[in-house]
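Presented below is the structure to which this report refers.
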Amino acid sequence: MIETRVLKVDPIEPEKEVISEAVEALLRGGLVAFPTETVYGLGADSLNKEAIKKIYSVKERPPDNPLILHISDLRELEIVAENIPSFAYELASKVWPGPVTFVLKKKHLVLPEVTAGLPTVAVRCPAHPVALALIKGLGNPIAAPSANLSGRPSPTTAEHVIRDLSGKIEVILDGGDTFFGVESTIINLTTDPPVLLRPGPIGVEDLEKLANLKILVPAFAKGLREAEVALSPGTKYRHYSPQTTLILAEVGQCSNQTTYLEHVKSLINEYLRKHLKIAVICSRETCSNYENVIKLEIGSRKNLYEVAKNLFKKLREVDELGVDVAISESFEERGIGLAIMNRLRKASSRVITCTQTR
Ligand code: TXA
Ligand code: MG
């Protein structure tokens, strides 16, 4: 056990002294958890091999799952990547700083520990004042996965990080809630056409329009179990999971909201008959339809950004309720909705698809 310092920091105008203290910790080879616009990251100096190794050990992360390099300016991209296609610059200049990560061919100096031995590197420039100040303060890119124990839901508050990593890392910068609540969109730009590796806050549709290009969306990027080919190493591990059994009620053949609600209700009734205690993750519009369950209202179906922001918090809450089983509703797979469904599918232990067409 080591002493973990939790330092409050203003998310919009980070205090210089606080950032300096965190930078000092990084320079000494320590680990610093910090807020980004997506989720909290667990940062290390990307040039310090021992610090990078510590990330894997404190997170209990499989050694073949590479990290993302965080830079503070588009111009730093060339320090870590090479053979950068021109549309990569075009895209990056439009979405950075922001919640999009690009996979590119790595430069020699990027440590194999960062990329888990791969010839490619994942890079992003985060749009969070605290993250940017930390990277600038260090003067090197920061290697950072999400600041959760491997397999757990990503942290969207400092409390989540404290729960998973207190006593194992030097500093936690508490900048309050993150902005989007789901991790960055990851695009592999080393292939033609580029491939979506993980959906995130910025929808593929929007990225395609921004740079006038086609992006391939493989089934695994939707989180579909049968398609879990290890194109991006992270996709083959179960993720985001509460310890409680989580059942995802997929829309499937349900043609309207009434039949879908019947589908969810019949699942609930099946478990009620077994005298089980049930939690249901449901939308503001639909929660009132369920009885004899604990309701976890996740947000409005009309605002998928709200749903995304609450997603990991609700998945963690499921475990605190002491229920036997949790059931989650599904959401529309458009824009950030694809990221929500990817995370829900990966978090769930069972997916039950509606087959009722009328
Ligand atoms: O929003 C985010 O991306 C957050 C914040 C902290 O920046 N970070 C994050 O990191 O979600 P992590 O480690 O939880 O997820 C990184 C994902 C993993 O699935 C990993 O397999 C993939 O990026 N990845 C990293 N390098 C890669 C590479 N060279 N090729 C393919 N996938 C890569
Ligand atoms: Mg992660």
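So that you can scan it fast, the table gives a plain yes or no per residue for (1) of a type outside the set (Asp, Glu); (2) surrounded by fewer than 24 Cβ atoms within 10 Å (Cβ to Cβ):
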{"position": "Glu3", "(1), (2)": "no, yes"}
{"position": "Glu13", "(1), (2)": "no, yes"}
{"position": "Glu24", "(1), (2)": "no, yes"}
{"position": "Arg28", "(1), (2)": "yes, yes"}
{"position": "Val32", "(1), (2)": "yes, no"}
{"position": "Val39", "(1), (2)": "yes, no"}
{"position": "Ala44", "(1), (2)": "yes, no"}
{"position": "Ile52", "(1), (2)": "yes, yes"}
{"position": "Tyr56", "(1), (2)": "yes, yes"}
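Among the residues of region 190-224, what is the count of those that are in a helix (DSSP H, G or I) and in contact with a Pro (Cβ under 8 Å, 6 or more places away or on another chain)?
2
Is it true that some residue in region 127-146 is of a type outside the set (Gly, Ala, Ser), within 16 Å of ligand 2 (Cβ to nearest atom) and in contact (Cβ under 8 Å) with a residue 12 or more places away in the chain?
yes
When the residues of region 94-105 are narrowed to those that are within 16 Å of ligand 1 (Cβ to nearest atom) and not in a loop (DSSP other than H, G, I, E, B), which ends up surrounded by the most Cβ atoms within 10 Å (Cβ to Cβ)?
Phe102
When you check Ala143 against the structure, is it surrounded by 24 or more Cβ atoms within 10 Å (Cβ to Cβ) and either modelled with pLDDT under 95 or closer than 26 Å to Ser241 by Cα (or both), yes or no?
Yes: the conditions hold for Ala143.
Which of the residues spanning region 82-93 are within 23 Å of the chain's Cα centre (by Cα) and surrounded by 14 or more Cβ atoms within 10 Å (Cβ to Cβ)?
Correct list: Ala88, Leu91, Ala92.
Of all residues being surrounded by fewer than 20 Cβ atoms within 10 Å (Cβ to Cβ) and not polar (S, T, N, Q) in region 109-126, which is nearest to ligand 1 (Cβ to nearest atom)? Just the residue, please.
Here the answer is Leu118.
The values are calculated or read from the model by the stated rules, or taken from the named source; none is laboratory data. Keep in mind that what you see is a predicted model, and the values were worked out from it rather than measured. Because the Cβ atoms are built from the backbone with ideal geometry, glycine has one as well, and the counts that use them run over all protein chains shown.
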